[in-house]
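The values are calculated or read from the model by the stated rules, or taken from the named source; none is laboratory data. Everything numeric in this text was worked out from a predicted model, so none of it was measured. Here the Cβ positions follow ideal geometry from the backbone for every residue, glycine too, while neighbour counts run over all protein chains shown.
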Amino acid sequence: MASPFKFEKKGKSGIEVSEVFPKLGEHVDKMTVLRSLWTDIPDPHTPMGARGIGEIGITGTAAAVANAVFNATGVRVRNLPITLDKLL
């Protein structure tokens, strides 16, 4: 399915930027762009042949939420899940 938005190449890098983000084109050469792809080739190093996508990007999320809870309540929770009974 094609995007309903128009894309134009911006900057020296020629990265395509959506019209949804009009100011982004000014900074596109200073950004890191990750492109995703699909492959049907199984990973020989995992039991099911699955390949990971994005796990590294969410590693710090739980710690960031726990720190936000600590900043808001003054209670440090070191075991997930963070529940109301641990805060009382």
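Answer yes or no: is there a residue in the range 61-72 that is assigned to a loop (DSSP other than H, G, I, E, B) and without any contact (Cβ under 8 Å) to a residue 24 or more places away in the chain. There is no residue in the range 61-72 that is assigned to a loop (DSSP other than H, G, I, E, B) and without any contact (Cβ under 8 Å) to a residue 24 or more places away in the chain. If the condition is being within 14 Å of the chain's Cα centre (by Cα) and of a type in the set (Asp, Glu), then the range 49-88 contributes only Glu55. Regarding Asn67, is this residue touching a helix residue (DSSP H, G or I) at 6+ places or on another chain (Cβ under 9 Å), at pLDDT 90 or above and not assigned by TED's automatic domain parsing to the domain that holds Lys12? In short, no. Residues of the range 16-58 that are surrounded by 10 or more Cβ atoms within 10 Å (Cβ to Cβ), of a type in the set (Gly, Ala, Ser) and under 22 Å from Phe5 (Cβ atoms): Ser18, Gly25.
Looking across the range 16-38, the residues that are within 20 Å of the chain's Cα centre (by Cα) and either of a type in the set (S, T, N, Q) or part of a loop (DSSP other than H, G, I, E, B) (or both) come down to Ser18, Val20, Phe21, His27, Met31, Thr32, Val33, Leu34, Arg35, Ser36, Leu37, Trp38. What's the number of the only condition in (1) surrounded by 11 or more Cβ atoms within 10 Å (Cβ to Cβ); (2) assigned to a loop (DSSP other than H, G, I, E, B); (3) modelled with pLDDT of 90 or more; (4) in contact with a helix residue (DSSP H, G or I) (Cβ under 8 Å, 6 or more places away or on another chain) that Ser13 fails to meet? Going through the list (1) surrounded by 11 or more Cβ atoms within 10 Å (Cβ to Cβ); (2) assigned to a loop (DSSP other than H, G, I, E, B); (3) modelled with pLDDT of 90 or more; (4) in contact with a helix residue (DSSP H, G or I) (Cβ under 8 Å, 6 or more places away or on another chain), Ser13 breaks only (3).
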